[in-house]
Amino acid sequence: MTPAGDTAFALIEALPLAVAMRKWLWLYPIVEIAHIVGFVTLVGSVAMLDLRLLGLSRSISVTALSRHTLSWTLGALLIVVPSGLLMFTAHATDFVSNDAFLAKMTLLMLAGANALWFRVGPYQSVAAWDSGAQAPAAARISAALSLLLWIAVISCGRLLAYV
Ligand code: HEM
């Protein structure tokens with residue numbers, strides 16, 4: 001890390017919210033519980049659609065399920081990201097030199113890119129395979145990749161405390 005980088009993250013750790021996250025006994029655990037509730041909801045809602053795309057419960061309409069799960073996914077992001085950023089500020093200089101954290105952030109971006117690709121790519125033809133039919137290979141590949149990436153994000157998140 002460059003001296004400028006060190007300073008920037010040290011400045012983040014000096015923010016009043018970051019200081020409170022370190023000083024108040026219950027604040028960090030409460031924020032971490034919110035983070036866990038958030039990512040359980042996020043990954044759970046994503047996994048429901050991925051499993052449907054992989055062929056489970058073919059009688060359920062993909063578009064109806066997608067509309068239902070997407071609101072939970074986006075809602076969960078509103079909890080996961082702020083709580084994650086809050087925890088990050090408390091020990092920013094440690095986290096930026098933590099390989100598990102860097103891997104997690106990289107995997108998060110890949111999971112986001114995969115989800116975006118699915119929406120602008122295979123999902124555009126959903127009317128042809130909405131229910132009762134097998135999803136096209138591109139949609140199934142995206143769904144399998146999504147499950148693997150989110151499991152990897154969770155694994156890196158858990159390994160943060162050990163690396
Ligand atoms: C969006 C999907 C995300 C998932 C699935 C996720 C998952 C996890 C998991 C599994 C843990 C470990 C929890 C524990 O063992 O108690 C964790 C911790 C953590 N996450 Fe996330 N996270 C996500 C997003 C973020 C974001 C955007 C940030 C922001 C920088 C972030 C920052 C952190 C930090 C700093 C911890 C460490 C808490 C600690 O052990 O002290 N996470 N996350």
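The values are calculated or read from the model by the stated rules, or taken from the named source; none is laboratory data. Here the structure is a predicted model, which means the values were calculated and not measured. FYI the Cβ positions are ideal-geometry reconstructions off the backbone, even for glycines, and counts take in every protein chain you see. All accessible areas refer to the heavy atoms of the entire protein, side chains included, with ligands and DNA or RNA removed. Shrake-Rupley method; radii C 1.70, N 1.55, O 1.52, S 1.80 Å.
Assorted remarks:
- Overall, the chain carries a charge dipole of about 440 debye about its Cα centre when +1 sits on the Cβ of Lys and Arg and -1 on the Cβ of Asp and Glu, all other atoms neutral.
- Across the chain, Cα pairs under 8 Å and at least six residues apart give a relative contact order of 32 percent.
- Extension gain from L148 to L25, taking 0.36 nm per residue of separation minus the Cα-Cα distance: 40.8 nm
- Ranked from largest to smallest solvent-accessible area, with a 1.4 Å probe on the protein heavy atoms, K104, K23 come out as K23, K104.
- Note on L74: accessible area approximately 90 square angstrom, rounded to 10, probe 1.4 Å, nucleic acids and ligands left out.
- The distance from the alpha carbon centre of segment 133-163 to that of segment 118-132 is 20 Å, rounded to a whole number.
- For segment 111-163, the spherically averaged projection of the C-alpha convex hull amounts to 4.2 nm².
- Each eigenvalue of the Cα gyration tensor of the chain, multiplied by 5 and square-rooted, gives one semi-axis; in descending order these are 36, 16, 12 Å.
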